[in-house]
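Q: This structure is in structure tokens; I'll ask about it shortly.
Coordinate-derived values only; no laboratory data. Keep in mind it's a predicted model, so treat the numbers as computed, not measured. All Cβ positions, even for glycine, are placed from backbone atoms using ideal geometry, and neighbour counts span all protein chains on display.
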Amino acid sequence: MKDIDKALNVEARSGLPDDLLALLRKFPRDQWANDPSLHGLAEGWLQRHDLFRELSVLIGGMTTDLREGRTSPAAFPPLFQRRMGLLLGELDGHHRVEDEYYFPSFAAAAPKLQKGFDILDNDHAVIHGAIDRLGTASRELIAALSGEVSGRDGDALRVAERIAGEIEGFDRTLLRHLWDEEDLIIPLILERTRDDPEFG
Ligand SMILES: [Fe+2]
Ligand SMILES: [Fe+2]
């Protein structure tokens, strides 16, 4: 884990520091869709992030439905396990590629942004701890629900309430990370692919 200022931790900050956003000011978000360089690496990156956002909304929604009695304890587990497995597994793989390939290669191409990559690297470590906790909480919820379905007292509602809180916290952290990573990386890709279509 990289050593960063505590105020820049993903759970504390409300965006990247201004000195890392010079390229974003040149390539603002509302222009990304019109940029011919978006096609390819940058677009793929945003689509991947959107998949994570969608899954986290779906998982949060279905957990709320369970707590509020709109989903039965028998119907909930298969879809929950599929979506949670997909989110946590894909996120883990995505971060691995970023850590091992993209962050080092982008930082070498743009040394002024090194602090930004350190911040994102630290985010990944925080998110990985959260992935482990959420995986454990998810298994507890499934076990409690199966107790409920088979007539034992699994106390599923109490577990569902706790996991809903974990999911909310996880979403906040994840959304902050995805947004800030896009602010740093998408403008860099848009700028560099103009001169070098093979950039990345
Ligand atoms: Fe990331
Ligand atoms: Fe990412």
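Q: Of Glu181, Glu140, Glu161, Glu198, which residue is within 30 Å of Ala22 (Cα to Cα) and away from ligand 2 (no atom under 16 Å from the Cβ)?
A: Details: Glu181 fails: away from ligand 2 (no atom under 16 Å from the Cβ); Glu140 fails: within 30 Å of Ala22 (Cα to Cα); Glu161 fails: within 30 Å of Ala22 (Cα to Cα).
Sole residue among the options that is within 30 Å of Ala22 (Cα to Cα) and away from ligand 2 (no atom under 16 Å from the Cβ): Glu198.
Q: Next question. So if I check each of Glu198, Glu182, Glu191, which one is within 16 Å of ligand 1 (Cβ to nearest atom), surrounded by fewer than 19 Cβ atoms within 10 Å (Cβ to Cβ) and within 20 Å of Phe27 (Cα to Cα)? Give the derivation first.
A: Numbers: Glu198 fails: within 16 Å of ligand 1 (Cβ to nearest atom); Glu191 fails: within 16 Å of ligand 1 (Cβ to nearest atom).
Exactly one residue qualifies, and that residue is Glu182.
Q: Mind listing whichever residues of the range 3-44 are touching a Gly at 6+ places or on another chain (Cβ under 9 Å) and assigned to a helix (DSSP H, G or I)?
A: In the first step, residues of the range 3-44 are kept if they are touching a Gly at 6+ places or on another chain (Cβ under 9 Å); the result is 11, 16-17, 20-21, 40-42.
Once the filter is applied, which keeps residues that are touching a Gly at 6+ places or on another chain (Cβ under 9 Å) and assigned to a helix (DSSP H, G or I), the range 3-44 yields Leu20, Leu41, Ala42.
Q: Can you give me the number of residues within the range 45-94 that are under 21 Å from Leu174 (Cβ atoms) and more than 16 Å from ligand 2 (Cβ to nearest atom)?
A: Taking the range 45-94 and keeping what is under 21 Å from Leu174 (Cβ atoms), we get 45-67, 79-94.
Now drop any that are not more than 16 Å from ligand 2 (Cβ to nearest atom), which leaves 57-67, 79-85.
Going through the range 45-94 one residue at a time, the tally reaches 18.
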